[in-house]
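Here's the structure, in structure tokens; my notes come after.
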Amino acid sequence: MSGNGNGSRYVGQRLRRKEDPPLITGKGVYTDDMTLPGMLYAAFVRSPESHARITSIETSAAAARDGIHAVLTAEDLDLAAGMPMAWVPPGVEINTPEHWPLARGEVKHVGQAVGVVLGEDKYAVVDATEDVVVEYDPLPVVVDPEAALEDGSPLVHEQFGTNRTHQWGLGSEDMDVAWQEADIVIERRIVNHRVHGAPIEPRACLAEYRAGYLTLWSTTQIPHLTRSFLAGSMQMSEDRIRVVAPDVGGAFGTKLNHYPEEAVACAAARRLGRPVKWTETRSEHMTTTTHGRDQIDRVKMGLKRDGTITGLHIDVLADLGAYYQLLTPIIPCFTAFVASGCYKIPRVRTDITGVFTNKFPTDATRGAGRPEATHVVEVMVEQAAAEIGIAPVDIRRKNFIPKEDFPAEVAVGVVYDSGDYHGTLDKLLEKIDFDELERERSELRERGIYRGIGYSTYMEICGLAPSRIVGPHGVGIQGGFWESAIVRVHPSGSVTVFTGTSPHGQGLDTSMAQIAADRPGTTPDVVEVIHGDTNTGPYGMGTYGSRSLAVGGESVARAAEKVQDKAKRIVAHMLEAAPEDIEVAGGKFTVRGSPDKGMTLAEVSGAAYIPENLPDGMEPGLEETTLYDPEHPAGSTSCATSLSTTAGRRSTPC
Amino acid sequence: MAPVRVSLDVNGTTYEREVEPRLLLVHFLRDHLGLTGTHVGCDTSNCGACTVHLNGEAVKSCTVLAVQADGAQVTTIEGLGGPGDALHPVQEAFWEHHGLQCGYCTPGMIMAAADLLARNSDPSEAEVREALAGNLCRCTGYHNIVKAVMAAAKATGRAEAAPPPPPGDPTVPVTGVGA
Ligand code: FES
Ligand code: FES
């Protein structure tokens with residue numbers, strides 16, 4: 001955070017959250033809570049097959065049912081592009097299949113949408129999906145990523161002649177040296193199974209097309225990017241599209257995407273001239289909202305007898321599923337960037353092979369690629385400790401990057417700016433009474449309860465950045481990684497902050513209000529934070545990857561700082577003092593040395609909006625914008641979890 | 001199927017409506033009465049986001065038909081607080097103790113917790129966890145939810161009310177973990 005040294009009073013304080021009153025009284029507005037006049041409900045006809053040719057689709061019986069307005073299939077949708085995928089890695093060949101929101105000719109995973117039924121009653125549309133008769137000619141299926149690479153495996157996409165999507169590597173070129181220097185080399189096959197982010201709010205969207213303007217309300221983490229994608233697929237000018245993320249009930253990466261149902265709702269709303277709402281069931285969510293992880297890692301670690309690590313190689317087999325969603329093939333790359341963990345390892349390399357299977361795509365989920373790296377390196381460290389016969393804590397300490405080494409460049413070429421890994425581990429050991437946990441473990445064991453005790457250290461890239469490294473000519477993501485903020489002081493002195501982030505539980509209404517309040521010397525209760533609406537704020541990148549406070553919060557801080565600077569110049573001008581002598585204290589701008597001389601923010605903004613007496617050349621008003629493109633945000637910590645389970649009975653995490 | 005006439009008292013107001021016999025109570029509340037504070041998070045009666053009080057007891061309103069609630073008294077999150085904007089002690093405690101993040105599970109959590117406190121004014125932590133076992137939250141990790149419910153129990157100060165029921169199953173101790 002850019003410090004100002006002036007009047008920092010609310011950042012760091014514990015406040016009751018500003019966003020809570022509506023949420024605890026049932027007054028929040030989530031996407032499914034909204035209805036529009038003339039609105040139609042949508043229900044999707046989905047494939048029960050993992051892989052099949054569609055031989056026919058018969059919709060007339062469904063369309064003839066009472067209350068059914070239309071049944072649409074792929075050819076009824078006027079869309080110029082399929083679902084976007086944002087990774088074009090320089091110098092890497094990647095097999096990219098077309099991915100249309102409704103299946104064209106073939107289905108490649110269970111749950112793939114084949115058609116959509118639209119009607120006035122939410123139960124009736126579901127009934128009608130059962131009357132859409134789709135004939136499938138089943139094709140051979142492959143769901144095991146290792147089997148998918150074998151010769152003769154069924155092919156998910158015939159046209160590529162292989163299920164391999166791409167290969168990508170990062171790190172040391174001379175791993176042989178690491179094995180030569182090692183006294184022992186251990187190898188493990190580590191499976192990081194498929195998971196689901198599963199927020200409690202399923203996805204939903206509501207699209208309205210009116211007189212050439214499209215509005216989409218959606219459970220999304222990325223309203224601005226979604227608008228850009230819709231401009232392409234709907235062939236509309238971006239200024240005529242508005243995307244709103246109202247209250248969103250958690251996401252964990254699953255809503256960092258543009259989904260087929262959003263595109264279908266928009267195309268159907270335009271075609272039918274009626275608003276269209278779709279709300280996912282939990283069963284749909286589990287099958288057709290992005291999954292995560294699903295790596296098989298073949299890992300090799302070289303060590304000296306004393307536990308010093310000489311090298312680490314991770315061969316990642318990433319099961320990407322049948323198609324790409326927004327970031328599907330790049331997610332495993334993030335494993336490579338943090339493969340070193342907190343350790344000083346002279347040689348580290350990650351090689352990734354992506355593979356198609358007949359499953360739903362994987363994509364960002366809670367840490368997106370980085371927890372996979374932590375899992376690998378921490379399991380290997382534990383395994384090595386057991387093999388060599390030293391304590392897990394000692395092997396960690398032996399290999400930590402020491403505090404004095406920072407900034408430290410690790411073998412994959414990433415520079416860690418700062419860290420104190422011994423410090424965080426000390427803190428963990430101080431907080432967790434392992435002897436007591438172990439004593440309890442023996443006691444519990446006698447009662448038939450099994451407890452596992454473990455801990456882990458980690459190094460994460462939080463808030464992907466900077467743009468020039470992650471972007472098109474660096475890692476190859478077709479986007480920037482900055483964030484925007486507007487801080488607008490109203491004539492009365494209250495403040496509205498617009499952020500390009502799109503929080504869904506992170507509490508940014510409160511934390512950004514704290515940040516924005518401090519600099520102009522006001523209080524968070526008169527700072528409103530607006531987010532998730534492409535029509536109200538500047539373009540922004542959304543909320544994901546632990547970036548919103550680190551990057552979005554900093555842009556709020558910088559915009560507020562600019563507001564403070566302008567306010568100081570106004571105060572200095574009006575009180576005939578030098579701008580450097582103006583301080584923010586006790587909710588007022590005062591002149592250093594004469595605390596009785598001062599102006600409140602309301603007085604300053606009044607002067608700014610009624611510009612009778614502003615410094616020469618100063619524009620009226622009190623509002624500033626920042627688009628902030630960060631360097632490397634990063635974090636590290638340790639944690640411990642123990643879990644007790646009884647077969648078939650409850651477990652208590654602590 | 002022919003619609004059926006039902007009459008329900010919801011948050012103190014009587015509503016008469018013609019409904020399909022298969023209409024779920026949660027959809028009656030949300031779509032017919034516009035009480036969208038009661039949420040739907042699953043289709044398997046797992047998540048508890050839809051919890052309301054039916055004749056004073058917590059139920060999952062996705063698992064009750066509107067016709068089954070004919071003649072009953074229903075309280076939803078919108079009707080839990082007192083007159084004006086007064087918050088129920090459980091709502092107050094969720095706010096104070098950061099018992100929510102995205103807020104989607106929250107109405108159901110609060111209704112389940114309020115039901116517990118109506119039956120047991122001085123629950124142990126184990127009893128709170130047991131009572132909320134049917135409500136899922138993906139954001140918070142439950143810690144602050146439990147803290148909020150315990151605090152609400154204290155705040156209502158009704159310890160002298162009915163004696164607490166016998167303790168539930170022995171749970172695994174959570175000592176050994178520092179503050
Ligand atoms: S919606 Fe009722 S339990 Fe999930
Ligand atoms: S607060 Fe998000 S699910 Fe509980």
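The values are calculated or read from the model by the stated rules, or taken from the named source; none is laboratory data. What you are looking at is a predicted structure, and each value in this text was computed from that prediction instead of being measured. Cβ atoms come from the backbone with ideal geometry, glycine included; neighbour counts cover every protein chain shown. SASA here: full protein model, heavy atoms, side chains in, ligands and nucleic acids out. Shrake-Rupley method; radii C 1.70, N 1.55, O 1.52, S 1.80 Å.
Report yes if residue A:203 is at pLDDT 95 or above, away from ligand 2 (no atom under 16 Å from the Cβ) and among the basic types (Lys, Arg), otherwise no. Quick ask: steps written out before the conclusion?
Working: at pLDDT 95 or above: yes; away from ligand 2 (no atom under 16 Å from the Cβ): no; among the basic types (Lys, Arg): yes.
The answer is no for residue A:203.
Evaluate region B:141-151: report whether one residue or more is at the interface with chain A (Cβ under 9 Å from one of its Cβ atoms), modelled with pLDDT under 95 and surrounded by 15 or more Cβ atoms within 10 Å (Cβ to Cβ).
No, there is no match, as no residue in region B:141-151 is at the interface with chain A (Cβ under 9 Å from one of its Cβ atoms), modelled with pLDDT under 95 and surrounded by 15 or more Cβ atoms within 10 Å (Cβ to Cβ).
Filter region B:50-62 for residues that are within 11 Å of ligand 1 (Cβ to nearest atom) and over 20 Å from residue A:198 (Cβ atoms); which is nearest to the chain's Cα centre (by Cα)? Steps first, answer last, please.
Initial filter on region B:50-62 (within 11 Å of ligand 1 (Cβ to nearest atom)): B:50-52, B:59-62.
Next, from what is left, pick out any that are over 20 Å from residue A:198 (Cβ atoms): B:52, B:59, B:61.
Working: B:52: 5, B:59: 8, B:61: 10 Å.
It comes out as B:52.
Return the only residue of A:366, A:441, A:451 being within 14 Å of chain B (Cβ to nearest Cβ), in contact with a strand residue (DSSP E or B) (Cβ under 7 Å, 6 or more places away or on another chain), at pLDDT below 95 and within 29 Å of residue A:483 (Cβ to Cβ). Please lay out each step first, then the result.
Values: A:441 fails: within 29 Å of residue A:483 (Cβ to Cβ); A:451 fails: within 29 Å of residue A:483 (Cβ to Cβ).
Unique residue meeting the criteria: A:366.
Within the group B:80, B:65, B:116, which residue is within 16 Å of ligand 1 (Cβ to nearest atom), aliphatic (A, V, I, L, M) and either under 13 Å from the mean Cα position of the chain (by Cα) or not assigned by TED's automatic domain parsing to the domain that holds residue B:149 (or both)?
On the way: B:80 fails: within 16 Å of ligand 1 (Cβ to nearest atom); B:116 fails: within 16 Å of ligand 1 (Cβ to nearest atom).
Checking each option against the conditions leaves just B:65.
Scan region B:1-41 residue by residue and report those that are of a type in the set (Asp, Glu) and either within 14 Å of chain A (Cβ to nearest Cβ) or crowded, with 20+ Cβ neighbours inside 10 Å (or both). If you could, list the steps in order and put the result at the bottom.
Restricting attention to region B:1-41, the residues satisfying the condition of being of a type in the set (Asp, Glu) are B:9, B:16, B:18, B:20, B:31.
Listed by number, the residues that qualify are B:18, B:20, B:31.
Please indicate, with yes or no, whether at least one residue in region A:563-582 is part of a loop (DSSP other than H, G, I, E, B), crowded, with 24+ Cβ neighbours inside 10 Å and charged (D, E, K, R). Walk me through it before giving the result.
Quick first cut of region A:563-582, residues part of a loop (DSSP other than H, G, I, E, B) only: A:576-578.
Of the ones still in play, those that are also crowded, with 24+ Cβ neighbours inside 10 Å are none.
No - not one qualifying residue is present in region A:563-582.
Taking region B:83-111 on its own, how many of its residues are within 16 Å of ligand 1 (Cβ to nearest atom) and either more than 8 Å from every other protein chain (Cβ to nearest Cβ) or over 11 Å from the mean Cα position of the chain (by Cα) (or both)? First the steps, then the outcome.
Going through region B:83-111, the residues within 16 Å of ligand 1 (Cβ to nearest atom) turn out to be B:102-111.
From what is left, the residues that are either more than 8 Å from every other protein chain (Cβ to nearest Cβ) or over 11 Å from the mean Cα position of the chain (by Cα) (or both) are B:102-104, B:108-109, B:111.
Of the residues in region B:83-111, 6 are within 16 Å of ligand 1 (Cβ to nearest atom) and either more than 8 Å from every other protein chain (Cβ to nearest Cβ) or over 11 Å from the mean Cα position of the chain (by Cα) (or both).
Say whether the condition of being more than 23 Å from the chain's Cα centre (by Cα) and away from chain B (no Cβ under 14 Å) is met by at least one residue in region A:216-231. Give the derivation first.
Filtering region A:216-231 for residues more than 23 Å from the chain's Cα centre (by Cα) gives none.
No, region A:216-231 has no match at all.
Taking residue A:624 as meeting all but one of (1) more than 30 Å from residue A:427 (Cβ to Cβ); (2) at pLDDT below 50; (3) buried (at least 17 other Cβ atoms within 10 Å of the Cβ), write down the number of the exception.
It is condition (2) that residue A:624 fails.
Looking only at region A:243-261, which residues are of a type outside the set (Val, Ile, Thr), in contact with a strand residue (DSSP E or B) (Cβ under 7 Å, 6 or more places away or on another chain) and away from ligand 1 (no atom under 16 Å from the Cβ)?
Here is the first cut: in region A:243-261, the residues of a type outside the set (Val, Ile, Thr) are A:245-247, A:249-253, A:255-261.
Those left that are additionally in contact with a strand residue (DSSP E or B) (Cβ under 7 Å, 6 or more places away or on another chain): A:245-247, A:249, A:253, A:260-261.
Matches in region A:243-261: A:245, A:246, A:247, A:253, A:260, A:261.
Of all the residues that make up region A:515-530, how many are surrounded by fewer than 23 Cβ atoms within 10 Å (Cβ to Cβ) and either aromatic (Phe, Trp, Tyr) or touching a Pro at 6+ places or on another chain (Cβ under 9 Å) (or both)? It would help to see each step written out before you state the result.
The initial filter retains those residues of region A:515-530 that are surrounded by fewer than 23 Cβ atoms within 10 Å (Cβ to Cβ), namely A:523, A:525-526, A:528, A:530.
Filter again for either aromatic (Phe, Trp, Tyr) or touching a Pro at 6+ places or on another chain (Cβ under 9 Å) (or both), leaving none.
Here the count works out to 0.
Looking at residue A:475 and the list (1) within 16 Å of ligand 2 (Cβ to nearest atom); (2) under 17 Å from residue A:630 (Cα atoms); (3) not polar (S, T, N, Q), which single condition is not satisfied?
It fails just one condition, (1).
Applying the selection to region A:214-232, what residues are surrounded by 24 or more Cβ atoms within 10 Å (Cβ to Cβ) and either of a type in the set (S, T, N, Q) or farther than 18 Å from residue A:531 by Cβ (or both)?
Once the filter is applied, which keeps residues that are surrounded by 24 or more Cβ atoms within 10 Å (Cβ to Cβ) and either of a type in the set (S, T, N, Q) or farther than 18 Å from residue A:531 by Cβ (or both), region A:214-232 yields A:218, A:219, A:220, A:221, A:226, A:230.
When you go through A:182, A:211 one by one, which is the residue that is outside the structural domain of residue A:41 (by TED's automatic domain parsing), of a type in the set (A, V, I, L, M) and open to solvent by 10 Å² or more (accessible area, probe 1.4 Å)? Write out each step before concluding.
Working: A:211 fails: outside the structural domain of residue A:41 (by TED's automatic domain parsing).
Only one candidate qualifies: A:182.
In region A:51-85, which residues are open to solvent by 50 Å² or more (accessible area, probe 1.4 Å), in a loop (DSSP other than H, G, I, E, B) and in contact with a strand residue (DSSP E or B) (Cβ under 6 Å, 6 or more places away or on another chain)?
Those that are open to solvent by 50 Å² or more (accessible area, probe 1.4 Å), in a loop (DSSP other than H, G, I, E, B) and in contact with a strand residue (DSSP E or B) (Cβ under 6 Å, 6 or more places away or on another chain): none in region A:51-85.
Determine whether residue B:53 is at pLDDT 95 or above, within 16 Å of ligand 2 (Cβ to nearest atom) and either of a type outside the set (Lys, Arg) or not assigned by TED's automatic domain parsing to the domain that holds residue B:131 (or both). Steps first, answer last, please.
Values: at pLDDT 95 or above: yes; within 16 Å of ligand 2 (Cβ to nearest atom): no; either of a type outside the set (Lys, Arg) or not assigned by TED's automatic domain parsing to the domain that holds residue B:131 (or both): yes.
For residue B:53, the condition - at pLDDT 95 or above, within 16 Å of ligand 2 (Cβ to nearest atom) and either of a type outside the set (Lys, Arg) or not assigned by TED's automatic domain parsing to the domain that holds residue B:131 (or both) - is not met.
Looking only at region A:105-132, how many residues end up being open to solvent by 10 Å² or more (accessible area, probe 1.4 Å), over 27 Å from the mean Cα position of the chain (by Cα) and under 21 Å from residue A:278 (Cα atoms)?
11
How do the pairs read when you match residues in region B:21-49 that are without any contact (Cβ under 8 Å) to a residue 40 or more places away in the chain and within 11 Å of ligand 1 (Cβ to nearest atom) with residues anywhere that are open to solvent by 30 Å² or more (accessible area, probe 1.4 Å) and part of a loop (DSSP other than H, G, I, E, B), using Cβ under 6 Å and keeping only pairs 6 or more apart or on different chains?
Between residues of region B:21-49 that are without any contact (Cβ under 8 Å) to a residue 40 or more places away in the chain and within 11 Å of ligand 1 (Cβ to nearest atom) and residues that are open to solvent by 30 Å² or more (accessible area, probe 1.4 Å) and part of a loop (DSSP other than H, G, I, E, B), the close pairs are B:26/B:40; B:43/A:281; B:45/B:63.
Restricting to strands (runs of 3 or more DSSP E) lying wholly in region A:246-341: which have 2 or more residues that are more than 14 Å from chain B (Cβ to nearest Cβ) and open to solvent by 10 Å² or more (accessible area, probe 1.4 Å)?
A:291-303, A:309-321
Which residue out of A:88, A:29 is open to solvent by 40 Å² or more (accessible area, probe 1.4 Å) and away from chain B (no Cβ under 14 Å)?
Numbers: A:29 fails: away from chain B (no Cβ under 14 Å).
Step by step, each of A:88, A:29 is checked, and only A:88 is open to solvent by 40 Å² or more (accessible area, probe 1.4 Å) and away from chain B (no Cβ under 14 Å).
Looking at region A:104-113, is at least one residue polar (S, T, N, Q) and assigned by TED's automatic domain parsing to the domain that holds residue A:344? Before you say what the answer is, go through the steps one by one.
First, the residues of region A:104-113 that are polar (S, T, N, Q): A:112.
Now narrow it down to the ones that are assigned by TED's automatic domain parsing to the domain that holds residue A:344: none.
No, region A:104-113 contains no residue that is polar (S, T, N, Q) and assigned by TED's automatic domain parsing to the domain that holds residue A:344.
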